[in-house]
Amino acid sequence: MKAPSTTEIFAALTGSWTLERDLGDVGRFIGDVTFHMAEPGKPNVLRYREEGFLTRTDGQRFDGYREYDFVLHESPASIELLFRDPIGFGNRYVMLHFGEDADEGLCARDIHPCGDDFYHHCMIWRDANHFETKIKITGPKKDHFLHSIYRRKSGT
């Protein structure tokens with residue numbers, strides 16, 4: 001089977017997804033994700049929004065959300081993730097170039113520096129109904145591993 005192009009992956013993101021994120025010793029985040037066109041006339045920008053609940057290992061529960069813009073670039077083919085939070089608004093988080101065919105699926109990797117820490121981001125595209133991210137955070141202030149599983153909601 002032929003691997004999907006970056007443009008095909010980008011187009012397949014549109015819709016609603018469930019999200020399960022393992023935060024290791026911190027806890028678990030469970031929620032919903034939507035991808036929709038950010039603005040009319042900008043078909044190359046998808047707005048990502050996740051909403052849900054973080055349940056810490058001590059049992060405390062918090063609601064939360066996060067937003068990014070996913071921007072499709074044609075040359076070279078890539079998907080850029082931009083922050084939408086007030087501090088980093090519009091700044092690049094990562095630039096994903098798909099093409100690494102690993103045992104676990106089609107992969108794209110990039111590293112985001114955050115102060116003295118580094119976010120080693122890996123997006124694994126399994127198919128149009130399932131993708132994952134694995135983020136290893138290393139540095140003097142942080143040492144975490146985040147594994148997120150996205151599954152398309154039926155009917156979207």
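Numbers below:
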item: Check on residue 106, in contact with a Pro (Cβ under 8 Å, 6 or more places away or on another chain), under 20 Å from residue 35 (Cβ atoms), of a type outside the set (Ser, Thr, Tyr) and outside any loop (DSSP other than H, G, I, E, B); result: yes
item: Odd one out for residue 24 among (1) modelled with pLDDT of 95 or more; (2) touching a His at 6+ places or on another chain (Cβ under 7 Å); result: (1)
item: Verdict on residue 39 being under 16 Å from residue 14 (Cα atoms), surrounded by fewer than 17 Cβ atoms within 10 Å (Cβ to Cβ) and over 16 Å from the mean Cα position of the chain (by Cα); result: yes
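The values are calculated or read from the model by the stated rules, or taken from the named source; none is laboratory data. Note that the coordinates shown come from a computational prediction; the quantities given were computed from them, not determined experimentally. Heads up, the Cβs are rebuilt from the backbone with ideal geometry, glycines too, and the neighbour counts pull from every protein chain shown.
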